[in-house]
Amino acid sequence: MDPTWVITGDKVHPGVHSGKPWGVERLSVAEQHYKAFIAGVDQFGGNNEKGPVIEVYDMYVRNFGEDVARKRFEA
């Protein structure tokens, strides 16, 4: 995992460290993104690579169908 990207949110969470894939170290970067996306994260700050996000979309389509994926990603 690239330690330069952070997951962003609407409020500050004291004590939360960016760039730490705690509990998901063995997953690929795309799988780490997918886990966060499933948990409700919809912004990935500092991530300049589109590849993992495209992979997340493809995973979401496989699991939930393209109509559901398009609604979530286009919201």
Next item on the list: Using label points projected 7 Å from each Cα along Cα→Cβ, tell me how many nm separate S28 and R70, to one decimal.
Entry: 2.5
Checklist line | Probe 1.4 Å - accessible area at V24, Å² to nearest ten | finding: 40
Check: Leaving out ligands, DNA and RNA but keeping every protein chain, what accessible area does E66 have, in Å² rounded to the nearest 10, with a 1.4 Å probe?
Finding: 100
Checklist line | Heavy atoms of I54 accessible to a 1.4 Å probe, total area in Å² rounded to 10 | finding: 90
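The values are calculated or read from the model by the stated rules, or taken from the named source; none is laboratory data. Note that the structure is a prediction, hence the values are computed from the model and not measured. Heads up, the Cβs are rebuilt from the backbone with ideal geometry, glycines too, and the neighbour counts pull from every protein chain shown. The area values use the complete protein model at the heavy-atom level, side chains included, leaving out ligands, DNA and RNA. Shrake-Rupley method; radii C 1.70, N 1.55, O 1.52, S 1.80 Å.
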